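**Student:** Take this structure first; my questions come after.
The values are calculated or read from the model by the stated rules, or taken from the named source; none is laboratory data. Small disclaimer: the values here were computed from a predicted structure and weren't measured. Cβ placement follows ideal geometry from the backbone for every residue including glycine, while neighbour counts extend to all protein chains displayed. All accessible areas refer to the heavy atoms of the entire protein, side chains included, with ligands and DNA or RNA removed. Shrake-Rupley method; radii C 1.70, N 1.55, O 1.52, S 1.80 Å.
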Amino acid sequence: MKSYRQELTFTVPTRRAFINITPQAEKALADSGIREGLCLVNAMHITASVFINDDEGGLHQDFERWLEELAPEKPYDRYSHNGYEDNADAHLKRSVMGREVVVAVTGGRLDLGPWEQIFYGEFDGKRRKRVLIKIIGE
Ligand code: ZN
């Protein structure tokens, strides 16, 4: 069995953003030379997510509004976590949106559904963050 590991880095200029990282995952898969197996993509930070959904702007606005209703950024003092930090909402948003995705690799391609795209969800940006891609197979 072969294995391949790569890190992506992001410094998002805003506090929150959704970034389509499907091209980077496809590039990593091509570089790995693996044809059959599994591709794991996970956020390496507890205030960021990796998830799969549609690349549609309206839906991303809906995610932003929904997450703000569930865990509003402000007022900061509503959260016990916010003593020296102000990112309690980002931890909660990350928990809702998830840590990682696993995609089947078939015939050297990511075996995604017709509208499935892989996203990095940033909830506490303006600093360097990492995403891990690990691919195993033959
Ligand atoms: Zn924190």
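**Student:** Can you name the residue in segment 93-112 that is among the basic types (Lys, Arg) and within 16 Å of the ligand (Cβ to nearest atom) and is also most open to solvent (accessible area, probe 1.4 Å) among such residues?
**Tutor:** Per the stated criteria, the residue is Arg99.
**Student:** Ok, one more. All but one of (1) within 16 Å of the ligand (Cβ to nearest atom); (2) part of a loop (DSSP other than H, G, I, E, B) hold for Ala90; state the number of the condition that does not hold.
**Tutor:** (2)
**Student:** Within segment 46-70, which residues are within 16 Å of the ligand (Cβ to nearest atom) and either surrounded by fewer than 19 Cβ atoms within 10 Å (Cβ to Cβ) or under 15 Å from Asn20 (Cβ atoms) (or both)?
**Tutor:** Answer for segment 46-70, where residues must be within 16 Å of the ligand (Cβ to nearest atom) and either surrounded by fewer than 19 Cβ atoms within 10 Å (Cβ to Cβ) or under 15 Å from Asn20 (Cβ atoms) (or both): Ile46, Ala48, Ser49.
**Student:** Kindly list the number of the only condition in (1) away from the ligand (no atom under 14 Å from the Cβ); (2) open to solvent by 20 Å² or more (accessible area, probe 1.4 Å) that fails for Tyr120.
**Tutor:** (2)
**Student:** Taking the stated definitions as given, is Tyr76 touching a residue at least 12 places away in the same chain (Cβ under 8 Å), over 14 Å from Ile133 (Cα atoms), aromatic (Phe, Trp, Tyr) and within 16 Å of the ligand (Cβ to nearest atom)?
**Tutor:** Numbers: touching a residue at least 12 places away in the same chain (Cβ under 8 Å): yes; over 14 Å from Ile133 (Cα atoms): yes; aromatic (Phe, Trp, Tyr): yes; within 16 Å of the ligand (Cβ to nearest atom): yes.
Criteria met by Tyr76.
**Student:** Additional query: Considering only segment 1-36, how many residues are in contact with a Leu (Cβ under 9 Å, 6 or more places away or on another chain), under 22 Å from Ile136 (Cβ atoms) and outside any strand (DSSP E or B)?
**Tutor:** Within segment 1-36, residues that are in contact with a Leu (Cβ under 9 Å, 6 or more places away or on another chain), under 22 Å from Ile136 (Cβ atoms) and outside any strand (DSSP E or B) number 7.
**Student:** Could you tell me which of the residues Ala88, Ala30 is open to solvent by 50 Å² or more (accessible area, probe 1.4 Å), touching a residue at least 12 places away in the same chain (Cβ under 8 Å) and of a type outside the set (Lys, Arg)?
**Tutor:** Result: Ala30 is the single residue among Ala88, Ala30 that is open to solvent by 50 Å² or more (accessible area, probe 1.4 Å), touching a residue at least 12 places away in the same chain (Cβ under 8 Å) and of a type outside the set (Lys, Arg).
**Student:** Checking Ile52 against (1) aliphatic (A, V, I, L, M); (2) over 19 Å from Leu92 (Cβ atoms); (3) assigned to a loop (DSSP other than H, G, I, E, B), only one condition comes out false. Which one?
**Tutor:** (3)
**Student:** Those residues that are in a strand (DSSP E or B) and hydrophobic (A, V, I, L, M, F, W, C), I need them from segment 102-138; list them, please.
**Tutor:** Those that are in a strand (DSSP E or B) and hydrophobic (A, V, I, L, M, F, W, C): Val102, Val103, Ala104, Val105, Leu110, Ile118, Phe119, Val131, Leu132, Ile133, Ile135, Ile136.
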